[in-house]
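None of the figures in this text is laboratory data; all of them are computed from the coordinates on show. This one's a predicted model, so the numbers in the text were calculated from it and none came from an experiment. Please note: Cβ atoms are built from the backbone with ideal geometry, for glycine as well, and neighbour counts cover all protein chains shown.
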Amino acid sequence: MKKVQASLKLMISGAVVTAALAIAGLSASAQTATTSTTTPTATTTLSPLTPLRNKPTSASDQMVQEACQRQKARTEKFKLLGVPEKFGSEEPFTFDPKAPPC
């Protein structure tokens, strides 16, 4: 039993060392210096916090209809299986825009 544990520890430590060396090699190769001459061009400076477009402030009728259909599907699944939905879980859902409004 001890022989199996020792060989298992050796295999695990070998895998860890190999992974560490691979990661170190990748990061080292990404830091190679290259020399190139570039001419500055006119660019717009955007902060990472600058939004590229305005955020929507209201929902469209189609968005409301999709949310309603999605909630109905969740409720039907709950009634069928008796398992409540967990926060953050998304299930496959097919939106039918031609369905009657909720």
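For Glu91 and Arg53 in the same chain, what is the full-extension length gain: residue separation times 0.36 nm, less their Cα-Cα distance, in nm? Kindly include the intermediate steps, with their values, before the conclusion.
On the way: separation 38, 0.36 × 38 = 13.68 nm, distance 2.89 nm.
Between Glu91 and Arg53, full extension yields an extra 10.8 nm.
Rounded to the nearest 0.05, what FRET efficiency is calculated for Cys68 and Leu8 with R0 set to 35 Å and r the Cβ-Cβ distance?
Rounded to the nearest 0.05, the efficiency is 0.05.
Most exposed first by the Cβ proxy, i.e. fewest other Cβ within 10 Å, how do Cys68, Cys102 rank?
In increasing order of surrounding Cβ atoms, one gets Cys102, Cys68.
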